[in-house]
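The structure appears right after this line, and notes come after that.
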Amino acid sequence: MKKFAILAPVTLALLSVSAHAQIQNRTIRVSNGVNDTHPVATGVKAMAECAANRSDGKLKIQGFWSAALGDDVAATNALRSGTLEMVIPSSSALVGMQSALGVFDLPFLFNNEKEADAVLDGAFGRNISNKMTSLGLVNLAYWENGFRSVTNSKRPINKMEDLAGLKIRVIPNPIYLETFKALKTNPVPMPFSEVVPALETGAIDGQENPPVTIETSKMYEVQDYLSFSRHIYTPFMVMYSKKLWDRLSKEEQKIISDCAVVGRDAQRKASRTRTDEAVAALKSHGMKVNEIAPAEIAKMRAAVKPVYEQQAKTIGQTNIDQIQKVLEGLRK
């Protein structure tokens, strides 16, 4: 027993050294389409601090902003080829790679953030994440992009008919295209990096994004009206290159996975706090902000209902049925 008492601390120390040896000095680059004042930056900072603390400074997470390493699609393809470690894209941008992600783009799917959190962090969200591995991607967590609303330079949207004929930029995504066609607009697909220049030149009348993105991108300089349609809630996905992930030790994988969730919690909190602040800032910059009456939102819901049927074959009817079943359970 005395020998064991003497050896036990030595054994524990050796195990600690062994675990520590499994962590190498790494700089992990994270690509983002947003800028460094967006709540995603809060999440990346929390994730980086967590990883540094858990690895004694060996794992360094470095953010790159405003599509400096390519837009969402280009950066995600860099992950697939193994030339970039991480990217935090909107799920909407990747529907062309994985059609099941389109389930999150179905219009008026979520009623609030609480529902979105429960679905994304639960079994349904994990099921969708599992579909990404065959593409060479590992989804570590869902962060928040948020509820999207319409801005434009022509008129406030008080009723569905006010949308008619407006040239609205949408994500290059068939669900967005069909949704805005159903709302009688003229949807124009384009990458996010091209939106502000297109608004400046008048090539488009408006766009749709969460208030924080609208404010941090300074769209108030080229848009007059923000109308709270809250037509789609979109998550960000925190993804790692599977090629590079498989080269990490189990200890490194656990640290990065855990810290992505730490970043998620910090990012969501910042996103929700910043939404109110962003709306106030947009008003202070002269944007005219309005709610849309529930009766008019109901008309929009009815107008876009066929989109669910149109997209079922692409998204997968099973995915649509499953997410609706989960939501029904949450609403009881």
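Observations
- Rounded if a/c under 1.5, otherwise prolate or oblate - segment 218-257, Cα gyration tensor axes: prolate
- For SER229, the residues 5 or more places off, or on other chains, whose built amide H falls under 5 Å of its own are VAL150.
- Put simply, the C-alpha atoms of segment 177-332 give a gyration tensor, and the ellipsoid matching it has half-axes of 31, 25, 18 Å, longest first.
- Positive dipole terminus of segment 26-331, leading residue within LEU140, PRO210, ALA281 (C-beta point charges): LEU140
- Cut-off under 5 Å, modelled amide H: who pairs with ARG26 long-range: LEU59, LYS60
- Sequence-separation-based contact order of the chain, relative, with Cα cut under 8 Å and 6+ spacing, percent: 26
- Excluding ligands, DNA and RNA, the accessible surface per residue across the chain is 45 Å² with a 1.4 Å probe.
- Ordering THR201, ILE323, SER227 by the projection of their Cα atoms onto the charge dipole of segment 26-331, which places +1 on the Cβ of Lys and Arg and -1 on the Cβ of Asp and Glu, puts ILE323 at the extreme positive end.
- Within a Gaussian network of the chain (alpha carbon springs, distance under 10 Å), most fluctuating of LEU226, LEU135, LEU79: LEU135
- Charge dipole of segment 26-331 (Cα centre as origin; +1 on each Lys and Arg Cβ, -1 on each Asp and Glu Cβ, all else neutral): 420 debye, rounded to the nearest 20.
- Normalised by the number of residues in segment 30-71, the mean separation of alpha-carbon contacts (under 8 Å, six or more apart) gives a relative contact order of 62 percent.
- Nonpolar atom fraction for the chain, defined as the carbon and sulfur part of the 1.4 Å probe accessible area, stands at 54 percent.
The values are calculated or read from the model by the stated rules, or taken from the named source; none is laboratory data. Here the structure is a predicted model, which is why all the values come from computation and not from measurement. Every residue, glycine among them, receives a Cβ derived from its backbone with ideal geometry; neighbour counts consider all protein chains shown. Ligands, DNA and RNA are excluded from the accessible area calculation, which covers all protein heavy atoms including side chains. Shrake-Rupley method; radii C 1.70, N 1.55, O 1.52, S 1.80 Å.
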